[in-house]
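Beneath this line is the structure, given in structure tokens, with notes to follow.
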Ligand code: SAM
């Protein structure tokens with residue numbers, strides 16, 4: 001069940017009802033979630049479910065579910081399971097045949113994406129990058145090939161180093177640092193990765209941040225990547241429509257994609273594709 005990422009007015013009516021009615025309400029940090037409950041006058045016992053007790057607690061939760069109890073899970077802020085605990089619990093509940101329902105609401109991923117002004121038709125959420133330089137650079141190199149906008153979480157203390165590595169490996173891509181989303185001091189810094197790395201190096205950045213990186217320049221997208229996208233798009237539509245959709249998604253000139261689409265289509269027709 002999602003909870004606000006800063007602005008408490010973002011709680012949903014459904015979340016309030018479920019928090020009140022659940023037989024058990026699990027959270028990451030009881031002190032943190034107690035503030036939320038108190039703000040809305042909800043009297044409900046809170047139990048911990050976090051990375052240090054999950055292995056022990058999960059069988060108990062599954063037993064309660066088997067006994068017909070309604071169990072709700074929240075995290076400190078935003079949507080559980082999204083760089084927060086819960087995936088293994090949901091997996092186990094699904095495996096045991098229990099009904100699982102999302103109670104949607106705020107998440108920094110979509111809030112950041114929506115206000116970034118970067119393409120939203122295809123995006124890849126990669127969570128937190130590894131904290132150490134070498135492993136982080138390897139991971140960024142893997143992300144380089146992904147078409148569409150990339151969304152990352154990062155701690156403010158690592159923001160500068162992370163942006164510097166992103167600029168070094170991904171080059172001159174448009175990017176955004178969305179800070180303190182939904183809060184009073186919310187800001188959105190836009191620029192190239194290099195500009196944002198310089199900005200973060202110039203003064204300490206405080207508060208919670210999402211980094212969003214727009215698709216690379218057209219030249220950075222090779223023909224193989226375009227053809228891979230085209231094959232999927234051609235299943236669903238005409239050469240013209242497929243070329244238009246892929247050109248838009250990858251930020252590549254429509255003429256170039258159209259020519260590749262014609263070639264692919266001819267291969268398909270001759271049974272060679
Ligand atoms: N599950 C949460 C969600 O759905 O938003 C995310 C939890 S993750 C542990 C916390 C990270 O989310 C922060 O380090 C930051 O990168 C991002 N974040 C959370 N709240 C934010 C906010 N108000 N503004 C910007 N980023 C935020």
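For the range 144-157, which positions are part of a helix (DSSP H, G or I) and within 10 Å of the ligand (Cβ to nearest atom)? So that I can check it myself, show each step before the final result.
Taking the range 144-157 first, the residues part of a helix (DSSP H, G or I) are 156-157.
Scanning the range 144-157 gives a single hit, 156.
Going by what's in this entry, would residue 141 be described as exposed (fewer than 13 other Cβ atoms within 10 Å of the Cβ) and away from the ligand (no atom under 16 Å from the Cβ)?
When the stated conditions are applied, residue 141 passes them.
Scan the range 1-22 residue by residue and report those that are surrounded by 14 or more Cβ atoms within 10 Å (Cβ to Cβ) and more than 11 Å from the ligand (Cβ to nearest atom).
Correct list: 1, 11, 12, 14, 15, 16, 18, 19, 20, 22.
For every residue, the table says whether it meets (1) assigned by TED's automatic domain parsing to the domain that holds residue 18; (2) at pLDDT 95 or above; (3) farther than 16 Å from residue 22 by Cα.
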| site | (1), (2), (3) |
| --- | --- |
| 62 | yes, yes, no |
| 66 | yes, yes, no |
| 70 | yes, yes, no |
| 74 | yes, yes, no |
| 78 | yes, yes, yes |
| 85 | yes, yes, yes |
| 88 | yes, yes, yes |
| 101 | no, yes, no |
| 112 | no, yes, yes |
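Please enumerate the residues belonging to the range 153-185 that are touching a residue at least 60 places away in the same chain (Cβ under 8 Å) and under 17 Å from the mean Cα position of the chain (by Cα).
Selection gives 153, 176, 178, 180, 181, 182.
Within the range 35-138, considering only strands (runs of 3 or more DSSP E) that don't extend past its boundaries, which have at least 1 residues that are within 14 Å of the ligand (Cβ to nearest atom)?
Where strands (runs of 3 or more DSSP E) fall fully within the range 35-138 and carry at least 1 residues being within 14 Å of the ligand (Cβ to nearest atom), they are 71-73, 123-128.
Please indicate, with yes or no, whether at least one residue in the range 200-211 is out of contact with any strand residue (DSSP E or B) (no Cβ under 9 Å at 6 or more places or on another chain) and surrounded by 13 or more Cβ atoms within 10 Å (Cβ to Cβ).
Within the range 200-211, the subset out of contact with any strand residue (DSSP E or B) (no Cβ under 9 Å at 6 or more places or on another chain) is 201-204.
Next, from what is left, pick out any that are surrounded by 13 or more Cβ atoms within 10 Å (Cβ to Cβ): 201.
The answer is yes; a qualifying residue exists.
When you scan the range 253-266, do you find a residue that is under 19 Å from residue 172 (Cα atoms) and outside the structural domain of residue 147 (by TED's automatic domain parsing), even just one?
yes
Yes or no: the range 166-174 includes at least one residue that is near the ligand (Cβ under 9 Å from one of its atoms), assigned to a helix (DSSP H, G or I) and either surrounded by 17 or more Cβ atoms within 10 Å (Cβ to Cβ) or at pLDDT 95 or above (or both).
No, the conditions are met nowhere in the range 166-174.
Just to verify a result, which residue in the range 23-32, among those that are within 16 Å of the ligand (Cβ to nearest atom) and in contact with a helix residue (DSSP H, G or I) (Cβ under 9 Å, 6 or more places away or on another chain), is nearest to residue 108 (Cα to Cα)?
Checking each candidate, the answer is 27.
Would you say residue 216 is out of contact with any strand residue (DSSP E or B) (no Cβ under 8 Å at 6 or more places or on another chain), outside any loop (DSSP other than H, G, I, E, B) and touching a residue at least 40 places away in the same chain (Cβ under 8 Å)?
no
Sort out which residues of the range 6-31 are under 23 Å from the mean Cα position of the chain (by Cα) and either without any contact (Cβ under 8 Å) to a residue 12 or more places away in the chain or assigned to a helix (DSSP H, G or I) (or both), and write them in order of number.
Scanning the range 6-31 gives 8, 9, 10, 14, 15.
One residue is enough: does the range 189-206 have a residue meeting the conditions in a loop (DSSP other than H, G, I, E, B), within 16 Å of the ligand (Cβ to nearest atom), free of Cβ contacts under 8 Å to residues at least 60 places away in the same chain and under 18 Å from residue 115 (Cβ atoms)? It would help to see each step written out before you state the result.
Step one: filter the range 189-206 for residues in a loop (DSSP other than H, G, I, E, B), giving 203-206.
In the following step, the residues that additionally are within 16 Å of the ligand (Cβ to nearest atom) were identified as 204-206.
From what is left, the residues that are free of Cβ contacts under 8 Å to residues at least 60 places away in the same chain are 204-206.
So of that shortlist, the ones also under 18 Å from residue 115 (Cβ atoms) come out as 205.
Within the range 189-206, one or more residues are in a loop (DSSP other than H, G, I, E, B), within 16 Å of the ligand (Cβ to nearest atom), free of Cβ contacts under 8 Å to residues at least 60 places away in the same chain and under 18 Å from residue 115 (Cβ atoms).
The values are calculated or read from the model by the stated rules, or taken from the named source; none is laboratory data. Predicted model only: the values in this text are computed from it and were never measured. FYI the Cβ positions are ideal-geometry reconstructions off the backbone, even for glycines, and counts take in every protein chain you see.
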